[in-house]
1. Starting at the first residue of the range 515-531, write each ³J(HN,Hα) from the Karplus equation 6.51 cos²θ - 1.76 cosθ + 1.60 with θ = phi - 60°, in whole Hz, x for Gly and Pro.
2. Quick check for me: using +1 on Lys/Arg Cβ and -1 on Asp/Glu Cβ, what's the dipole size of the range 473-610 about its Cα centre, in debye to the nearest 20?
3. What is the packing order of peptides 25-33, 639-647, 589-597, taking the mean over residues of other C-beta atoms within 10 Å and listing the highest first?
4. Take every DSSP beta bridge with both residues inside the range 323-476 and express the antiparallel ones as a percent of the total, to the nearest 5.
5. What dipole magnitude, in Debye to the nearest 20, does the range 353-462 give about its Cα centre under +1 on Lys/Arg Cβ and -1 on Asp/Glu Cβ?
6. Residue farthest toward the positive end of the dipole of the range 369-517, with Cβ of Lys/Arg at +1 and Asp/Glu at -1: which of Ile435, Thr456, Val370?
7. Across 5 Å bins from 0, what is the distribution of all Cα-Cα pair distances for the range 450-573, in whole percents?
8. Please sort 156-166, 484-494, 11-21 by packing, taking for each peptide the average over its residues of neighbouring beta carbons within 10 angstrom, highest first.
Amino acid sequence: QTCQETGSIIDFDRARDTRIHCRLTGTELRALLRDGGYDIVHFAGHGLFRADDPETSAWLLSDGELWSLEIRNTLAEHPSPPWLVFANACEAGMDAGRPVRTYQGNVFGLATAFINQGVAAYVAPLWPIDDQLAQHIALQFYKCLLSDRTTLGEALRRAKVSARQLAYGEATRGGESSTQDLVWAGLGWASLVLYGDPTEELFQALAGGVARSAEAAPEEARGMRSSRRAGRPSSAVAATAGSASRPRPVSKPMAVPYLHAPDHVLTDWVRGPNWRSAAAVQRGGEPQPKDAIELELIEDGGLRRWRVRGGGAGGNRGASAGADGLPGSKISALLLDERLRSALPSKRGVVRVIGRWMLSGFSEGVLGLVREYDREQVKTEGLLSVLGAEAKQLQAATRDSIATALAQKRRALLFVHGTFSKSASPVEGFGAQFIRWARQNYGAVLAFDHWTLSKTPEDNARLLIEELRTLDPALLRNGALDVICHSRGGLVARSLCELLGHGAAVRNLIFIGTPNCGTDLANPRNWGTFADLLVNVTGVSGAELLGRLAGLLAQLAVRGVMSDVPGLLAQNPESLGDARSFLSRLQQAKVDRSRLRYGIVCAEFEPTALVPNLKKMLHTAAQTGIDALADELFGAANDLVVNTAHTWGIARSGDELARLPDFVSPGRVLVFRPPDSTFKPPAQVQIESALGMHHSNLFAQPRVQASIQAWLTEP
C-alpha cells in the first residue's frame, strides 16, 4: 500500500521483487546485488558473527553462508550500490534462548561491508527482537520513509516510538508490565540502530538533491521527489531479495514536478534511434562499427552530466570530472574545480551511472540520423484536424471533414509545434477547456505535424502551403488563419508570411517561446553545455522535450557535428552574419507587417530550489572566483531553450532588443519572470511574477490561455 501511494516513483512488484519462504542461494543474491536494480534491500533472516574472523560473519541463505567479505567484493567498484540495507536478522547467535553478547559485532561487521562500499545507510538490531515487533517496526519505518517522506533517522525514531508503545502497553501510559516476556519484547524497540547519515531522505538523496522543507517553499517543494536507478524506478528487495527483471520504459511525463525525472523515465527520453544498451551489446558479443561511441549519463557531485566512456575511468570512484565530459561543456569544466566540488553534496563519493549506451552512425551520415529522430516524432507530415485535447483526437485533415464548418465560420485556428515535438504537445498542453473554446469560435481547428531537425523552417512552410491549398485555397487569403506557434514553429509561420508571400492569409500570429532572432541552444559551440544543463532540469513539469533535446545534443556534441542539422542551425544567432542563411534572410525580409497582429508569450527560468544543486554550483562558482564559466552558462535570461529577449526580436539583431519592434503592441506581450529577477523587459509589457516557468510548460498557464483568447477576439 505504501508503494502504491508513491505512484510511479517506486516500482515494487511483490511477485517480482520478493523471495519469501522460497529457496535463495548466495550466488543468486550476489547477482541481484551486482545487477544494480535496487535502491532498498530488506533482509529478514538469520545471521552469525565470528569474532576471530569478522570477514566471515554472514547472512544465512538456502545454501549456506554469505560472508561479509563476499558482500564487500560484490559491491566493490559498483557504480550504483543500494541506498539502504535493512537487516532484520533476528535470533542470530542464539544459544538455548539466551542472546550471545557479541551479536553487536555481527551487526557491525556486516554494516561495514555495506557502508564501506557506498551504501548510504544500514539498519539492524543489536540483539534479538520478537518477530511481530520487528515486523511492526519495519512497516512503520517504511511508511514514514516513503509516505511521510521523513529522513532516515526520523523514520526509525517514529517506528521505535510506535513499537515501544505497542510492546509496553499500559506501561507507556503510566502502568506496569505484568510479565518478563512483555519486558523482553519491550526492549526490542531499542535494539534497532542506524549506521550512516540519519539526515538523508530517500527521494531527495536519490535525486542527488538536498532535503527541503515543503513549508519553506510549498509552491516549489510540493511533490519534488524522484528515484535513481538506471533503467527503472526505485525498487525494494524484501525478505530476502527480488527479481532482476526490469520493467518496460515509461515514456509518459510525470504529472507533478520532481527534482529529477526518475531514471527509468529519463533514460527513455534521451535515447535516440541509434542508441543501444552498452551492457546488452557487450553481452551479445556484437562487433562494433568503427564510428561507434560509448556514451554514459552519470550523476557526479549531485549533478547529472554526460560522459564519453574511454580508458578505465568509466564507473570508477573518484574519477576526474569534466576530463571525460562532452566537448565544450561548461558544466563539466566547472566540475573540474575542486573548490566547487567540495561544496556540492556528492553522495557517498561515488560517480553513479544512470545509463550507458553504444551509439553508432547511419549510412546517410548525420542528416540521415536526424531524419530518424524526426521520423520517431512524426511518422507522416501534414495537417491534422483537432477534434479534442488528446492525441487520439488528432486526425488527418480532409476537405470533406472541414467543408461544412468552414462554410459557416470562414476562419481557422492553426497550431504549429516546435523543435523535436509534434502537434499533440501544444494541443494537450492547452487542454480540453481551451480546445473546446477554439472549436466553438473557429470553423476549423488545425495542427501541422512536420519534421523539425532535418528540414529548415522554410522547407516546412512550403509543405504547409501545399497542405492548406489542398484543404481549402481560401485558407491562404483574406486573414483566414490565426496561428499559435510554439518555439521554432514561429519561424515556420514567419516563413509562410515573410519569405513565401502569404502574409495576407494570417490575421493573428501568436508566438510562445519563439527564437525570432535565434537561440544560443542552436549554436554548435553550446551543444555540450546545453546537453548537460537540460538533464539537470528534467524534473520540471512538461520536460519530456528537454530530455529528448539533451540526448540529441549530447550525441551531436560528442560527434563534433557542425552541419547537417538544418532545422537547428537555422536558429543559430551567429548565422545572422551570413546574408545567405535562413535566419538572415528572414530577419531582412521587406514585408508589410502593419495588418498582422502579433502576440508574444515568453519566460525566464531561474534554477532555484527546482534544481538545487545546479543553483548551488553557480552560486559556489561565484563565491570561489571561478564565476566566468557560470556567467557564460546563464549569461542571458532564457527559458532553458530560447533566450527570453529573442522572442520579440522580429526583424531585429541581438543588440536591438531593449525595445519592442514598432509593429508589436506592448499589451500583447506577456513575460513570466522570477520574483527576484534583474531581467528588464521592454516598457509597458505585461509581466507575471512566477517561479518554475520554462519553455515547455507555458501552454497550461491560465494567464497564458486568457491572454491568447483575448488577443484572438480583439475586434
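1. Karplus-based 3J(HN,Hα) across the range 515-531 equals x, 5, 10, x, 9, 4, 4, 7, 7, x, 5, 9, 5, x, 5, 5, 4 Hz.
2. Numbers: 13 positive and 11 negative charges, 127 e Å.
In debye, rounded to 20, the range 473-610 gives about 620.
3. On the way: 25-33: 18.1, 639-647: 25.0, 589-597: 13.4.
In descending order of packing, they fall as 639-647, 25-33, 589-597.
4. Working: 7 of 12 bridges.
Antiparallel bridges make up about 60 percent of those DSSP assigns within the range 323-476.
5. Working: 14 positive and 11 negative charges, 91 e Å.
Approximately 440 debye in magnitude.
6. Ile435
7. Per 5 Å bin, starting at zero, the Cα-Cα P(r) for the range 450-573 comes out as 2, 11, 18, 21, 17, 12, 9, 7, 3, 0 percent.
8. Numbers: 156-166: 18.7, 484-494: 28.4, 11-21: 15.1.
The peptides rank, most packed first, as 484-494, 156-166, 11-21.
Just so you know, all these numbers are worked out from the coordinates, no wet-lab data involved. If you're wondering where the values come from, they're calculated on a predicted model, not measured in any experiment. Cβ coordinates were reconstructed from backbone atoms using ideal geometry, including for glycine residues, and neighbour counts include every protein chain displayed.
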